[in-house]
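> Let me begin by handing over the structure; questions about it come next.
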Amino acid sequence: MQQRELGRTGIMVSEICLGTMTFGQQNTEAEGHAQLDMALDHGINFIDTAELYSIPPRAETQGATETIIGSWLRARGGRDRLIIASKVVGRGTSPWFRSGGEETRLTPRQIRYALDGSLRRLGTDYIDLYQLHWPDRKVGLFGAGGTTFTTLPEADEIPIAETLGVLGDLVREGKIRHVGLSNETAWGVSQYLAESRHGAPRVVSIQNAYNLINRTFEIGLAEIALREKVGLLAYSPLAQGYLSGKYLGGARPAGARTTLFNRAQRYEKPGVEEAVSAYIALAKAEGIDPVQMAIAFVTSRPFVTSNIIGATSIEQLKTILGSVDLAITPELEAKINAIHQVHCNPAP
């Protein structure tokens, strides 16, 4: 397991990050602990969570994932050997995140409230990387419409300077070490970087979806990531399991996330089936596991700091972790790019 620098921080994180959003619904506490143990045994030192989790979002399970990680930390110890990332929700109307059921916004008061909750559930004094789960302004999120632009600025947007200001205070107070973005646009990253020139903390990462059927990060954000050292923490490298091929032909395996929750519309758009079929056929022709090919491709990108993987079983996790031994050769990459040329980003 190789390690890469998180932004310009000097902190080294594993090239694979354990995503934990299944802990608390699809995975029990014991299963979550087993995954965390296996991840550490394979050299992972980077764990990603959020106040939102587990998924799908529900009032009764909100914060469950952080609570499970917290119980594991109490049982195992070794907090100083880990890099823990969490997130505060952006603009939204779900009433269960804040006291009184108010709309969620990236205001100083709400960020402090959210962070205190995460610290309490995790049982730690600090979070290494605190991320804004999505923007306060209105942008197309989670594959909506295949675009990030939906509306002109609105009068009630929380200014980026105000959000970064409180995050800077929290850094000085020692409650967080570094700041990251998630589900953000090229314009948004540039604005956060501009604000850092005025004394605000410099963002060190951006967590966006990136996989073989959604390479839109390459269009504008990849150059920013490389030149500014705001590396991608890639989520959904298997396109919510679709790149495993298990949903081809309309299949719905028992216990799979799409079967359970019917929340995969992002990966059920026109052209997805054809693209996934082409990548599965390529992997089979090359004699490699399609899951490992999809994961290894994401990990191999020069703008990726860490690849956030998730699993619901130990066997799935073993397969995914085995991807670090698969090299994306120039010849294999050329074949992947040939498919991409024909089936370009069907699931943005």
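The values are calculated or read from the model by the stated rules, or taken from the named source; none is laboratory data. This one's a predicted model, so the numbers in the text were calculated from it and none came from an experiment. A quick note on method: Cβ atoms are made from the backbone with ideal geometry, for glycine too, and the neighbour counts reach across all protein chains shown.
> Out of the residues in the range 208-223 that are touching a Phe, Trp or Tyr at 6+ places or on another chain (Cβ under 6 Å) and either of a type in the set (A, V, I, L, M) or not in a loop (DSSP other than H, G, I, E, B) (or both), state the one that is nearest to Ala283 (Cα to Cα).
Step by step, filter the range 208-223, then rank; the result is Leu212.
> Shifting gears a bit: Among the strands (runs of 3 or more DSSP E) contained in the range 1-112, which hold 1 or more residues that are farther than 24 Å from Leu238 by Cβ?
3-5, 12-14, 83-88
> From the list Ser323, Ser300, which residue is hydroxyl-bearing (Ser, Thr, Tyr), out of contact with any Cys (no Cβ under 6 Å at 6 or more places or on another chain) and farther than 24 Å from His33 by Cα?
The unique qualifying residue is Ser300.
> I need every pair where a residue in the range 304-325 that is touching a residue at least 40 places away in the same chain (Cβ under 8 Å) has its Cβ under 7 Å from the Cβ of a residue that is among the aromatic types (Phe, Trp, Tyr), sequence separation at least 6 or different chains.
Ser306/Phe46; Ile308/Tyr235
> So which of Ala275, Ala285, Ala254 ends up being hydrophobic (A, V, I, L, M, F, W, C), surrounded by fewer than 17 Cβ atoms within 10 Å (Cβ to Cβ), more than 29 Å from Met1 (Cβ to Cβ) and more than 19 Å from the chain's Cα centre (by Cα)?
Ala254
> Return the total of residues in the range 86-102 being under 18 Å from the mean Cα position of the chain (by Cα), closer than 10 Å to Ala114 by Cα and not hydrophobic (A, V, I, L, M, F, W, C).
Here the count works out to 1.
> Restricting attention to the range 304-318, report how many residues are farther than 22 Å from Ile206 by Cα and buried (at least 16 other Cβ atoms within 10 Å of the Cβ).
Counting residues in the range 304-318 that are farther than 22 Å from Ile206 by Cα and buried (at least 16 other Cβ atoms within 10 Å of the Cβ) gives 3.
> Check Leu238 against each of (1) over 16 Å from the mean Cα position of the chain (by Cα); (2) at pLDDT 95 or above; (3) part of a loop (DSSP other than H, G, I, E, B); (4) within 21 Å of Ser323 (Cα to Cα) and name the one condition it does not meet.
(1)
> Tell me, yes or no, whether the range 215-229 has at least one residue that is under 11 Å from the mean Cα position of the chain (by Cα) and either within 23 Å of Val342 (Cα to Cα) or surrounded by fewer than 23 Cβ atoms within 10 Å (Cβ to Cβ) (or both).
No, the range 215-229 contains no residue that is under 11 Å from the mean Cα position of the chain (by Cα) and either within 23 Å of Val342 (Cα to Cα) or surrounded by fewer than 23 Cβ atoms within 10 Å (Cβ to Cβ) (or both).
> Still on this structure, I have one more. Scan the range 56-69 and give yes if some residue there is farther than 27 Å from Leu164 by Cβ and touching a residue at least 60 places away in the same chain (Cβ under 8 Å), otherwise no.
yes
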